[in-house]
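Here the structure comes first, spelled out in structure tokens, and everything after it is commentary.
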Amino acid sequence: MAKHPVVVYGASGYTGMLIMDWLIDQNIPFTAVARNAKRTKEMMAQRVVRLESANYEIIEAEHNVDALANAFRGAKVVCNTVGPFFNFGLAAVEAALKAGCHYIDTAGEQHFIRQVREQFGELYRQAGLLVSPSNAYMYSFAEIAAEVALETPGIDVLETATLTRGPRGAAGVTVGSTATIFEGYRQEACYLWDKKLELHAADASFTATTPDFLQAVFCLPWGGTSLPVYFEHDPRVRSCVSFVGFYDNNAMRMVHTLGQKWETEYKNLPREQQDAVLKQLVDSTTPSMPPRERTTLQRTVDVAVGRGQLAAVRATVHGVTPYISTGALQTAAAMKLIDGETAKVGFASGSKAFGHRYLLGFLEQRGLARASVSQL
Ligand SMILES: NC(=O)c1ccc[n+]([C@@H]2O[C@H](COP(=O)([O-])OP(=O)(O)OC[C@H]3O[C@@H](n4cnc5c(N)ncnc54)[C@H](OP(=O)(O)O)[C@@H]3O)[C@@H](O)[C@H]2O)c1
């Protein structure tokens with residue numbers, strides 16, 4: 001049973017520990033939950049900043065609904081970072097509901113987010129609790145840009161691009177994120193077109209041009225992103241197409257080429273054989289936890305172009321250190337939930353539950369983001 005208001009699940013992981021940094025910065029006591037307490041203690045001692053002044057406990061729990069519900073019970077908010085969420089997410093969503101906690105996570109996987117909405121949205125609403133996947137760099141930054149674009153009257157069509165890079169293309173991506181990227185080959189990806197979710201073609205790609213770069217950026221649907229789901233029932237929006245580019249075109253083309261290989265060679269293999277292919281890809285790409293991000297290396301540009309009949313607008317959110325920003329977003333959300341301040345219960349994005357201007361302000365105040373908007 002948790003004795004503090006915030007649970008961080010996945011407490012031995014890169015992102016879980018960054019959430020703790022920000023919780024400690026805000027003087028919020030937390031319960032760290034993970035499958036291995038000894039490893040968690042060692043990892044936290046190495047990685048969590050200001051741990052010596054933190055008020056926290058560590059609880060070891062197996063990854064199943066009952067064990068997790070027992071660990072979460074007593075808290076107000078669960079911050080879940082155990083991914084790929086396709087594989088592990090639903091058990092934690094169910095456990096948080098059973099324990100009577102609000103649930104937020106760092107998922108970017110559209111298919112999982114749809115499952116959460118369909119299986120748990122109404123149950124959380126009835127319980128007076130919020131269930132809000134994807135309170136993370138991907139895709140809160142793009143959603144903030146989209147919401148800023150929607151402040152212009154008449155906008156009803158959105159295109160968003162999430163453009164980011166690490167030291168060498170996609171390097172700097174964590175073990176959990178790499179597994180999530182490759183696991184995406186098994187999942188369908190949708191965009192919103194005239195109020196309906198439509199499937200992206202398996203080999204879909206886009207070329208994004210923005211004034212931020214001289215070169216065009218090669219982009220992929222990246223599982224579709226959370227935005228088409230969060231805008232599906234939004235009366236302001238008819239269509240939303242979202243894509244992602246690591247602005248190292250070679251790294252992105254490699255992911256695309258592997259995706260095509262998946263379609264021709266691996267798609268019809270039995271699940272265990274696919275698991276082996278994915279494991280080999282993850283092990284060879286990201287063998288261990290990367291170092292903490294640096295503002296000189298990890299930078300991001302999230303763009304939303306909005307159009308209406310005649311209105312047109314471009315909103316851009318420039319950012320740094322997307323994993324560190326993810327920790328900040330989770331903490332910003334947890335602070336609101338601890339105080340009982342949410343505009344929504346049931347299934348809702350961070351922008352809809354807490355307000356995009358609140359989230360943007362939290363990031364701006366900490367030097368993590370800057371938004372600009374221009375009428376076109
Ligand atoms: N959308 C975004 O912008 C964004 C940002 C950050 C992270 N994420 C997502 O968040 C997830 C975690 O990322 P990360 O950077 O923290 O990865 P990570 O460093 O690899 O950490 C993964 C965490 O999940 C735990 N875990 C893995 N398999 C588990 C299992 N079967 N049972 C219980 N716990 C398990 C790990 O525990 P052990 O130490 O015991 O293995 C660890 O605590 C990924 O899906 C990633 O894509 C998304």
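The values are calculated or read from the model by the stated rules, or taken from the named source; none is laboratory data. Every value quoted in this text rests on a predicted model; they were computed, and no experiment measured them. So basically every Cβ, Gly included, is an ideal-geometry build from the backbone, and we count neighbours across all protein chains shown.
Of the helices (runs of 4 or more DSSP H) lying entirely inside segment 208-288, the ones with 2 or more residues being basic (K, R) and surrounded by 12 or more Cβ atoms within 10 Å (Cβ to Cβ) are found at 249-261. Checking V345, V317, V373 one by one, the residue that is in the same structural domain as V173 (by TED's automatic domain parsing) and touching a helix residue (DSSP H, G or I) at 6+ places or on another chain (Cβ under 6 Å) is V317 and no other.
Within segment 133-162, if we keep just the residues that are more than 13 Å from the ligand (Cβ to nearest atom) and assigned to a strand (DSSP E or B), the residue that is farthest from T331 (Cα to Cα) turns out to be V157. F246 falls short of the stated requirement of being in contact with a Phe, Trp or Tyr (Cβ under 7 Å, 6 or more places away or on another chain) and more than 14 Å from E159 (Cβ to Cβ).
Just to verify a result, which residue in segment 109-153, among those that are touching a Phe, Trp or Tyr at 6+ places or on another chain (Cβ under 6 Å) and buried (at least 24 other Cβ atoms within 10 Å of the Cβ), is farthest from R357 (Cα to Cα)? This residue is F112. Please work out which one of (1) assigned to a loop (DSSP other than H, G, I, E, B); (2) at pLDDT 95 or above; (3) crowded, with 22+ Cβ neighbours inside 10 Å is the condition Y191 fails and give its number. Only one criterion in (1) assigned to a loop (DSSP other than H, G, I, E, B); (2) at pLDDT 95 or above; (3) crowded, with 22+ Cβ neighbours inside 10 Å is unmet by Y191, namely (1). Among the residues here, A328 qualifies as crowded, with 20+ Cβ neighbours inside 10 Å and closer than 30 Å to C101 by Cβ.
So which helices (runs of 4 or more DSSP H) are wholly in segment 32-109 and hold at least 3 residues that are on the phi < 0 side of the Ramachandran plot and near the ligand (Cβ under 9 Å from one of its atoms)? It would help to see each step written out before you state the result.
On the way: elements: 37-47, 65-72, 85-99.
By residue number, 37-47, 85-99.
Pairs meeting the criteria (first residue in segment 177-190 and over 9 Å from L278 (Cα atoms), second residue away from the ligand (no atom under 15 Å from the Cβ) and in a helix (DSSP H, G or I), beta carbons under 6 Å, at least 6 apart or on different chains) are Y185/G259; Y185/W262; C190/P228.
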